[in-house]
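A short worksheet on the structure shown next.
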Amino acid sequence: MSVRAMQPRTMRALALLALSALMTGVFIMRLVQLQVFQYNQWAQRSTKNHVSKRVLDMKRGNIYDRRGDELAISVDTYTVFLYTREVKSLSEAANALATVLPMSREEIIAKVGDRSGYIQIYKELEPNLAMKLQKLNIPGVNLESHYRRYYPQKSLASNLIGFTGAEQQGLEGLEKLFDKTLRGYPGLAVQEDISLSESGPARMRVITPPMGGSNINLTIDSFIQHVIESELAKLVEQYDPIDATAIVMDPHTGEILGMGCLPNYDLNNFGEAKPDTRRNRPATDFFEPGSCIKILAVASAIENGKADRNTRFYCRGFGEMPGRRIRCHGAHGLVDTDKAIAESCNAAMMQISQMIEPSMLYRTYKKFGFGDPTGAEVVAESNGIFRAPSKWSAFSPSSISIGQEMTVTGLQLVQAYSAIANGGNLIRPRLIKRITSQDSEIREDFEPEIVRRVISPEIARTLRRMLMGVVEGGTGKMAMLEDYTAGGKTSTAQKANPRGGYFNDKVVVSFMGMIPAMDPRIVLLVAVNEPKGDERTLFGGKVTAPAFARIADRVLKHLKVPPDRSLTPEAREEQLLKNNKITVKQEIIKLPNLISQAHASVASATISASDTCELVPDLRGKSLKAAIQTINSRELKAIFEGNGVVIAQQPPPGRPLPNSRILRVKLSPDFIE
């Protein structure tokens, strides 16, 4: 074969070879462009199409009371996803999902639409429904575990606990204050599509597991909290106030055993509550304390050697100083310090305020914590208002000695009275008992914290005895308990008028006390803001003292505190009559047509008992007029002492009538402070 004959074939081969080399070169250049110069861009596209990151919810820590009862917990919920690459038939999958989910087949199909990938179908599915869905084993249906905050006791301690938002972040109360402690850390997972076909499998790979938050045990006792709130509900129903508050605290440890206020709200439906309803009033709201602060003015006088229990004061029915006169509820005459506190005598307080230097009074009140936050674990605690002596007027010492020209919070009052109860130490109120891990390992245990010593144990004991006299024979008789002694102070504080002076018809009434009186286990405040009703009876001793007694009795028995009243009911009544420092003439009311003139003398008056056993009627809470009517209707006789409302009687109600048919009835004075 000649060279000329082979040339065309060679040329064609060379042409094809050149073309192949060119195409290979273009391919290599494109490959280099994609694999080298555009690697990051295409890698990101590939990851986006085949790998997706998902945040795994952490389990928020629980909140318990001091005994381990659940107050706030995180419950399991599930989110339903549909992975379209694994779904063989959308119609069949929608039909199966509709048998479990509260959604129709059409709603499910519409939710998917023309989208592809990992699509959320339903959120916050209950665990029991999630189990049913898992049993159906629907291709492409995946469940993701989440948590939802739930409050088992609903409104209990709601103003204190607070709530969380949709992203499990604390928004109010302890949930907000301890958000970082409770929240924990979320995890990270990767959803990887490792299939080579449209219907191939996908897998979830956990990169970082979630870490649950810590649990918190409060000092609150759920039973005591319930007692508080149920009694406050009775006060609200009876007097229709703006709000009502109660706090129970252990004066030796500072542990708050109960702190409640009304109005409150259901934590599981917090969105329906108004902001004003959600406020933690014992810590945020302040008011002029009124008469319950008088014991601190006495403490200042005793501490500085200006007065003692035997110091005498004269009350003409008002306290007076140049340019000012403060009314007292009656002329008490010559009174000692004990009686001045028992009878809440404004005149005596004004005289005490003039005996001590303003700086002494200021220093005492300041030592007891007024003007400063208590340091309790609450959100937005108020300082109250307590000005320095440089800003006082000539009338300020007398005003401050009776609880005016200053404002306090309920927490501050409880902290101050706890210092009297525990022997003179100002102790920081505490709401947190301990913090534990999810495995119940203790991470932090909180101990009592003494802020400072404010008075000596001897002075504290003297003050406790004075406060006991308020209940045993003063304005706080209706706070008396059957099984325990109590000490405390009534208060009826007129509210300040922004235009000057004070409102006559707007008051904050309270009872602040401790039980048992001389060896207190608890300190208790009950306060009612603007109660409505007969203005003649809207006083601390009438409105809040009975609630104080009911709460204290139930709390002490719950705590298994031994009764310190060992006397029989008859002996206890006799003691009350002897301890009463008000001298009231006793007289026997001789009821008409009851006994003959020959038997008019009480010493010789006897009436034979009838064949049927009659019981002593219950006169407690009745006015003098109503008590007399009851006694007339039952053909009885009575020895009345005092005036106002019946607070005690002998024999007690429900006992068999004595042969003499004579009752001894004790009435309270008008509860004006």
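The numbers here are math on the coordinates, done by the rules we state, and not lab data. All of these numbers come straight from a predicted model, not from anything done at the bench. Cβ atoms come from the backbone with ideal geometry, glycine included; neighbour counts cover every protein chain shown.
Here the chain carries DSSP beta bridges of which approximately 90% are antiparallel, counting only pairs with both residues inside. If R0 is taken as 25 Å, the Cβ-Cβ distance between Glu124 and Leu188 corresponds to a FRET efficiency of 0.70. When only alpha carbons of the chain are considered, Rg and Dmax amount to 38.4, 174 Å.
Pairs spanning more than 20 Å between alpha-carbon atoms, out of Lys489/Lys622; Lys88/Lys135; Lys234/Lys532; Lys367/Lys477: Lys489/Lys622; Lys367/Lys477. Look at the alpha carbon pairs under 8 Å that are at least 6 residues apart: their mean separation over the length of the chain gives a relative contact order of 11 percent. Here the simple spin-label model places points 7 Å from the Cα toward Cβ, and for Phe318 and Lys532 these points are separated by 3.3 nm. The helix-only estimate of mean residue ellipticity at 222 nm for the chain, built from DSSP H runs of length n ≥ 4 each weighted as -39500 (n - 2.57), is -9500 deg cm²/dmol after division by the residue total.
Treat segment 336-442 as a sphere of radius equal to its Kirkwood radius over Cα pairs and apply Stokes-Einstein at 20 °C in a medium of 1.002 mPa s; give the translational diffusion coefficient in µm²/s, rounded to a whole number. Don't skip to the end; give the middle numbers.
Numbers: Rh = 15.9 Å.
Here the translational diffusion coefficient equals 135 µm²/s.
Loop-located GluC sites (Glu not before Pro) in segment 411-503 (DSSP state other than H, G, I, E, B) with a sparse environment of at most 13 neighbouring Cβ atoms within 10 Å: Glu441, Glu449, Glu482.
Once the chain from Leu334 to Lys135 is taken as fully extended at 0.36 nm per residue, the excess over their C-alpha distance is 63.0 nm. Each Lys and Arg Cβ is given +1 and each Asp and Glu Cβ -1; about its Cα centre, the chain then shows a dipole of about 1320 debye. Of the trypsin sites (Lys or Arg not before Pro) found in segment 68-127, those that fall in a DSSP loop while having at most 13 other beta-carbon atoms within 10 Å are Lys88, Arg115. Per-residue packing, averaged as other Cβ atoms within 10 Å, sorts the ranges 214-227, 375-388 into the order 214-227, 375-388, beginning with the highest. For segment 479-562, the set of trypsin sites (Lys or Arg not before Pro) satisfying both a DSSP loop assignment and a count of at most 14 other C-beta atoms within 10 Å is given as Arg499, Lys532, Arg536, Lys560.
Taken along the Cα-to-beta-carbon direction at a fixed 7 Å, the label points for Asp505 and Arg443 span 5.4 nm. Treating r as the C-beta distance of Asp618 and Asn643 and R0 as 25 Å, the FRET efficiency rounds to 0.85. The 3J(HN,Hα) values that the Karplus relation (6.51, -1.76, 1.60; θ = phi - 60°) gives for segment 500-513 are, in residue order, x, x, 9, 6, 7, 10, 10, 9, 10, 9, 8, 9, 10, x Hz. Gly and Pro appear as x.
Peptides 270-279, 397-406 ranked from most to least packed give 397-406, 270-279, packing being the mean of other C-beta atoms within 10 angstrom over each peptide's residues.
Label reach from Glu357 (point 7 Å along Cα→C-beta): in segment 388-432, amide nitrogens under 18 Å belong to 388-394, 396-398. Computing FRET efficiency as 1/(1 + (r/R0)^6) for Glu272 and Ile385, where r is the C-beta to C-beta distance and R0 is 51 Å, gives about 0.90.
In this structure the amide hydrogen of Ala307, modeled in the peptide plane, comes within under 5 Å of the amide hydrogens of Ile302, none closer than 5 places in sequence on its chain. Please list, in order, the residues from segment 520-561 whose amide nitrogen is less than 12 Å from a point placed 7 Å along the Cα→Cβ vector of Lys495. In segment 520-561, the label zone of Lys495 (backbone N under 12 Å from the point 7 Å along Cα→Cβ) covers 528-532.
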